[in-house]
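Below: one structure, written as structure tokens.
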Amino acid sequence: MPYQSSGTISRIRRSVFFCALASLIACGPGGTAAGTPIPGATISPHSASATKGMVVSASAIASDVGRNVLVAGGNAVDAAVATAFALSVTYPVAGNVGGGGFMVIRLPDGRATTIDFREMAPRSATPSMFTNATGEYSSTIHHRSHKSVGVPGTVAGFALAHGKYGRTDWRRLVDPAVHLASDGFSVPPGLAQSLAGARAYLGIYPSSLAAFYKNGEPYNAGDRFRQPDLAATLARIRDHGREGFYHGETARLLAAEMRRGGGLITEADLAAYEAKERAPVRGTYRGYDVISMPPPSSGGVAIVEMLNILEGYDLASIGHESPRYVHLVAEAMRRAFLDRARYLGDPDFTKPPLERLTSKAYAAELRATILDDRASPSRPAQVAVRYESDQTTHFSIVDADGMAVSVTYTLENGYGLGAVVAGAGFLLNNEMGDFNGKPGLTDTTGLIGTDPNIALPGKRMLSSMTPTIIARDGKLVAVVGSPGGRTIINTVLQVVLNLVDGGMGIQAAVNAPRFHHQWLPDVLFTEHNGLPAPTVAALEAMGYHVRDGGEQGTAHSIFVDPRTGTRVGAADPRDADAGASGH
Ligand code: DON
């Protein structure tokens, strides 16, 4: 049974808000083309509606923690701090203090900003650090070693956001996570299944085995799960803020773990970590304002570029999931992903041509290269990028004043490197794997060696995380985002298209089957074979290579009804323990 959140005011049927957003423009064809739910998923139990505030995250327990902050008078940034630390306890696959991410904030007066808390390369990082003794690229060093750990940004990021935009005492926001870790909580079904599946991955590290298993055995759903070392780390963060993580006991334990495992991060690297406030990337789509994350995320640039291309087509009158619809969207994806690989990296090191990439004029040039009835070729000589798995997490928050927060944060792989910092109870990320592997090494297996994203001391690795906020006529409309590596950008794109052009309610827009194209490999991935067979056949005739890509993303989103101001939370049923919690 999906979790029934205690804070939920009312459960809605998808039809109630079906055409709410589209009614501002034109309701989609027939007004009834709600997305087909993914197999086995139910729709309404993951929705909640409320008049004041709403939190939607991958863990219903964490959503309730955030909602309680809103009820007590905290704003959306306060709730984000509390939700994020709670997720580090209840959703260890991606919730974290040892990783990093991005936050997009829209204030009630319409101003917007972003917080970049992406991990940074340690000061001894070098461009060739992922090669072995004979100079060959090593995927193991790049993704599965202590050298794959970036300097964590999460604690600094939430501290920065809280210091500038929060209003509740920090200690009250972190305290619920301390208690969840020390007192324990009843293991929800999704967590039980996830930890059982990760036994081999985590089990190679004794510290991880001790943290996540009882005498080596997985917890069952309903068991009480306590994490005393994590509780002590969270208590230091509660009592000392960012100092409690980047200095003192936690920093010492992390640096010792690095020395044990052959990693590069030192106490000096931790002390030097800096989260940054950056101006958002902005675009427009059929009258809606799109506010998203700038580099070092590629997500905001890519989504604006794709929406600009697609604005030139009347998507609402082209059948959703028809061959032409999928073709046009996939061609937009293909072009944005090529630009991603060519141009994007940490803006403190490389200056991507952001204005051009996000301009309507550039989109018109790209649109002119899209053929009506054929897939364009993807040429390996241009660049190649890997297809990625799906472990990061996104949450969305709106408060009573209309402040909106969109957060995506990650450890990179599910459970990051898999290694818990001994004595500190939290997992290390393996985010350095998002840097290019070796300068100049671009090949058809999926490696890229382009300059903008080569590892250097203090540099942030390129990301695809796309926390996004949609507004119209000065009013908040939606908060969206997703995990899923490079599929993230395309998941967020499709939720927006489903709302604006597909005329779907937010839950249907989230549930609808998704697809993904990322230039190379030249494959159109569809979710659980979610496209109709005639559509697939027509796409193959146009030159597409269509494959089942499994599940794509978990887009926990919020829609604000423009007529009533009702906050509609849509937890993505692809996350078993997810919940929307409002008041
Ligand atoms: O920042 C990124 O784009 C990735 N590290 C996100 C990772 C993710 O979603 C899961 N994939 N491996």
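Output the strands (runs of 3 or more DSSP E) that fall wholly within the range 228-342 and possess 1 or more residues being not charged (D, E, K, R), or say none.
Numbers: elements: 276-278, 281-285, 288-292.
Those strands (runs of 3 or more DSSP E) span 281-285, 288-292.
Pull out all pairs, ordered by first then second residue, where Cβ-Cβ is under 8 Å, the residues are six or more apart or on different chains, the first lies in the range 213-241 and is under 21 Å from GLY418 (Cβ atoms), and the second is of a type in the set (Asp, Glu).
Once the first residue is under 21 Å from GLY418 (Cβ atoms) and sits in the range 213-241, its partners that are of a type in the set (Asp, Glu) give LYS214/ASP223; ARG226/ASP183.
I'd like to check which strands (runs of 3 or more DSSP E) are fully inside the range 508-563 and have at least 2 residues that are of a type in the set (D, E, K, R) and open to solvent by 20 Å² or more (accessible area, probe 1.4 Å). I'd like the intermediate steps shown before the answer.
Working: elements: 524-526, 546-548, 557-560.
The strands (runs of 3 or more DSSP E) meeting that bar are 546-548.
Return yes or no: is ALA316 of a type in the set (A, V, I, L, M) and surrounded by fewer than 24 Cβ atoms within 10 Å (Cβ to Cβ)?
Numbers: of a type in the set (A, V, I, L, M): yes; surrounded by fewer than 24 Cβ atoms within 10 Å (Cβ to Cβ): yes.
Here the answer is yes, as ALA316 does meet what is asked.
Which one of GLY550, GLY530 is under 20 Å from the mean Cα position of the chain (by Cα) and modelled with pLDDT under 95?
Values: GLY530 fails: under 20 Å from the mean Cα position of the chain (by Cα).
Only one candidate qualifies: GLY550.
So in the range 394-413, with the set limited to residues that are of a type outside the set (Val, Ile, Thr) and within 16 Å of the ligand (Cβ to nearest atom), which one is farthest from PRO280 (Cα to Cα)? Walk me through it before giving the result.
Here is the first cut: in the range 394-413, the ones of a type outside the set (Val, Ile, Thr) are 394-396, 399-404, 406, 409, 411-413.
If we keep only those that are within 16 Å of the ligand (Cβ to nearest atom) as well, we get 394-395, 406, 409, 411-413.
Working: HIS394: 18, PHE395: 18, SER406: 12, TYR409: 17, LEU411: 23, GLU412: 23, ASN413: 26 Å.
Top of the filtered list is ASN413.
Assuming GLY484 fulfils every condition listed in (1) within 12 Å of the ligand (Cβ to nearest atom); (2) of a type outside the set (D, E, K, R); (3) touching a strand residue (DSSP E or B) at 6+ places or on another chain (Cβ under 8 Å); (4) part of a loop (DSSP other than H, G, I, E, B) apart from one, which condition is it?
Of everything listed in (1) within 12 Å of the ligand (Cβ to nearest atom); (2) of a type outside the set (D, E, K, R); (3) touching a strand residue (DSSP E or B) at 6+ places or on another chain (Cβ under 8 Å); (4) part of a loop (DSSP other than H, G, I, E, B), GLY484 misses just condition (3).
Inside the range 427-452, can you point out the residues that are in a loop (DSSP other than H, G, I, E, B), open to solvent by less than 10 Å² (accessible area, probe 1.4 Å) and touching a Gly at 6+ places or on another chain (Cβ under 8 Å)?
Result: LEU428, ASN429, ASN430, GLY437, GLY449.
Among what's in the range 460-475 and is buried (at least 24 other Cβ atoms within 10 Å of the Cβ) and away from the ligand (no atom under 11 Å from the Cβ), pick the residue that is farthest from ALA279 (Cα to Cα).
Filtering the range 460-475 for residues that are buried (at least 24 other Cβ atoms within 10 Å of the Cβ) and away from the ligand (no atom under 11 Å from the Cβ), the one farthest from ALA279 (Cα to Cα) comes out as ILE470.
Cβ contacts < 6 Å: first residue over 30 Å from ASN413 (Cα atoms), restricted to the range 529-555; second residue open to solvent by 30 Å² or more (accessible area, probe 1.4 Å) and not polar (S, T, N, Q), any location; separation 6+ or different chain. Result?
From the range 529-555, the pairs are THR535/PRO323; ALA538/PRO323; LEU539/PRO323; MET542/ARG374; GLY543/ARG374.
Looking only at the range 77-96, decide whether some residue is open to solvent by less than 10 Å² (accessible area, probe 1.4 Å) and touching an Asp or Glu at 6+ places or on another chain (Cβ under 6 Å).
No.
Name the single residue that is farthest from ALA275 (Cα to Cα) among those in the range 110-138 being of a type in the set (Asp, Glu) and touching a strand residue (DSSP E or B) at 6+ places or on another chain (Cβ under 7 Å).
Of all residues in the range 110-138, those of a type in the set (Asp, Glu) come to 116, 119, 136.
Among the residues that remain, those that are also touching a strand residue (DSSP E or B) at 6+ places or on another chain (Cβ under 7 Å) are: 116, 119.
Values: ASP116: 6, GLU119: 9 Å.
Taking the candidates together, the pick is GLU119.
Within the range 47-55, is even one residue touching a His at 6+ places or on another chain (Cβ under 7 Å) and among the polar types (S, T, N, Q)? Give the derivation first.
Residues of the range 47-55 that are touching a His at 6+ places or on another chain (Cβ under 7 Å), as a first pass: 50, 52-53.
Those still in the list that are among the polar types (S, T, N, Q) too: none.
The answer is no; no qualifying residue exists.
Have a look at ALA424, ALA455 and point out the one that is under 26 Å from GLU257 (Cβ atoms) and within 16 Å of the ligand (Cβ to nearest atom).
On the way: ALA424 fails: within 16 Å of the ligand (Cβ to nearest atom).
When all the criteria are applied, what remains is ALA455.
Do we have ARG171 as buried (at least 17 other Cβ atoms within 10 Å of the Cβ) and at pLDDT 95 or above here? Break it down stepwise before answering.
Working: buried (at least 17 other Cβ atoms within 10 Å of the Cβ): no; at pLDDT 95 or above: yes.
Spelling it out, it is not the case that ARG171 is buried (at least 17 other Cβ atoms within 10 Å of the Cβ) and at pLDDT 95 or above.
What pairs come out if I take residues in the range 285-308 that are under 11 Å from SER463 (Cβ atoms) and pair them with residues that are open to solvent by less than 10 Å² (accessible area, probe 1.4 Å) and basic (Lys, Arg) whose C-beta lies under 6 Å away, six or more apart or interchain?
PRO296/ARG118; PRO296/ARG460
Pick out the one residue from GLY414, GLY402 that is at pLDDT 95 or above, in contact with a strand residue (DSSP E or B) (Cβ under 7 Å, 6 or more places away or on another chain) and open to solvent by 10 Å² or more (accessible area, probe 1.4 Å). Steps first, answer last, please.
Working: GLY414 fails: in contact with a strand residue (DSSP E or B) (Cβ under 7 Å, 6 or more places away or on another chain).
So the residue among GLY414, GLY402 that is at pLDDT 95 or above, in contact with a strand residue (DSSP E or B) (Cβ under 7 Å, 6 or more places away or on another chain) and open to solvent by 10 Å² or more (accessible area, probe 1.4 Å) is GLY402.
The values are calculated or read from the model by the stated rules, or taken from the named source; none is laboratory data. Since this is a predicted model, take the numbers as computed values, not measurements. No Cβ is skipped: glycine too gets one built from the backbone with ideal geometry, and neighbour counts run over all protein chains shown. We work out accessible area using only protein heavy atoms, side chains counted, and drop any ligands, DNA or RNA first. Shrake-Rupley method; radii C 1.70, N 1.55, O 1.52, S 1.80 Å.
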